[in-house]
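S.K.: One structure follows; several queries about it will come next.
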Amino acid sequence: MVKDMSKIVVAYDGSELSKKALERAIYLAKRDEKLELNVITAIPRLIPAVYNYGVTAVTEHEAKLKNAKEIMLEVEETLNVIPNKTETYILDGNPAQAIEEFAENNNVDLIVMGSRGLGGIKELFLGSVSHHVVQKAKCEVFIVK
Ligand SMILES: Nc1ncnc2c1ncn2[C@@H]1O[C@H](COP(=O)(O)OP(=O)(O)OP(=O)(O)O)[C@@H](O)[C@H]1O
Ligand SMILES: [Mg+2]
């Protein structure tokens, strides 16, 4: 599966399934030291039309950013177990679109992600982010369930 691939990206939101996706990607990366592994997490941009209470919106955004940084520090520790080149990124913007665009602009061969994430409603098999990415990404997508 990893033959001829050079870059794998894990879409990470801190959910159990995204942790599983990270473990799967590490497993794949161990097959080939030349594979680069990137882990990305996206936090939505401030939307002025929705947030009329400026201070609250900024505080909320800062809290999300702080949380994302902490999550990515943990991810970096996990990534230390493999010799492959690895990077982590915190992306600004709508998660589904940010993941799609990251893959498009960074020569990504495979996106690994969970079927569901942190969202509460479990009736559908795919969450909105994985649904969007499976449909729109030009590269292959590996859904962990
Ligand atoms: N903000 C994000 N940044 C990076 N990856 C994400 C983000 N949100 C979700 N993902 C990825 O998408 C997978 C599926 O999550 P998704 O958000 O689609 O489901 P959900 O949270 O259950 O549903 P919804 O968000 O539609 O309520 C996650 O396991 C993770 O791999
Ligand atoms: Mg979600």
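Values in this text are rule-based calculations from the coordinates and carry no lab data. What you are looking at is a predicted structure, and each value in this text was computed from that prediction instead of being measured. Virtual Cβ from ideal backbone geometry, glycine too; neighbours counted across all protein chains shown.
S.K.: Kindly put 39, 141 in sequence by how many other C-beta atoms sit within 10 Å of each C-beta, fewest to most.
M.R.: Neighbour counts put them in this order, fewest first: 141, 39.
S.K.: According to a simple spin-label model (label point 7 Å from Cα along Cα-to-Cβ), what is the distance in nm between residue 134 and residue 73?
M.R.: With each label placed 7 Å out from Cα toward Cβ, I get 3.5 nm.
S.K.: Out of residues 5 or more away from residue 91 or on other chains, whose amide H comes under 5 Å of its own, with H placed 1.01 Å from N in the peptide plane?
M.R.: Result for residue 91 returns 41, 42, 43.
S.K.: With a 10 Å Cβ neighbour count serving as the proxy for reagent exposure, in which order, fewest first, do 10, 144, 58 appear?
M.R.: In order of increasing Cβ crowding within 10 Å: 58, 144, 10.
S.K.: Another question about this same structure. Summing +1 for each Lys or Arg and -1 for each Asp or Glu, what net charge is found among the other residues whose Cβ lies under 14 Å from the Cβ of residue 124?
M.R.: +2
S.K.: Taking 22 Å as R0, compute the FRET efficiency from the Cβ-Cβ separation of residue 31 and residue 101 and round it to 0.05.
M.R.: 0.20
S.K.: In deg cm²/dmol, rounded to 500, what helix-only [θ] at 222 nm does the chain give when every DSSP H run of at least 4 residues adds -39500 (n - 2.57) and the total is split over its residues?
M.R.: After summing the helix terms and dividing by residue count, I get -13500 deg cm²/dmol.
S.K.: Can I ask one more? Bin by bin, in steps of 10 Å, what percent of the Cα pairs in segment 7-144 do you find, going until the bin that has the longest distance?
M.R.: 12, 42, 34, 11, 2, 0
S.K.: Consider a paramagnetic label point 7 Å from the Cα of residue 142 along Cα→Cβ; state which residues of segment 19-46 have an amide N under 20 Å from it.
M.R.: 19-42
S.K.: Which order do 24, 116, 31 fall in if you start with the one that has the fewest other Cβ atoms within 10 Å?
M.R.: Starting with the residue having the fewest Cβ neighbours, the order is 31, 24, 116.
S.K.: Summing +1 for each Lys or Arg and -1 for each Asp or Glu, what net charge is found among the other residues whose Cβ lies under 14 Å from the Cβ of residue 100?
M.R.: Its environment carries a net charge of -1.
S.K.: On a 22 Å Cα-Cα criterion, which of the cross-link pairs 30/136; 30/69; 30/85; 3/138; 3/30 come out too long?
M.R.: Among 30/136; 30/69; 30/85; 3/138; 3/30, the Cα-Cα distance tops 22 Å for 30/136; 30/69.
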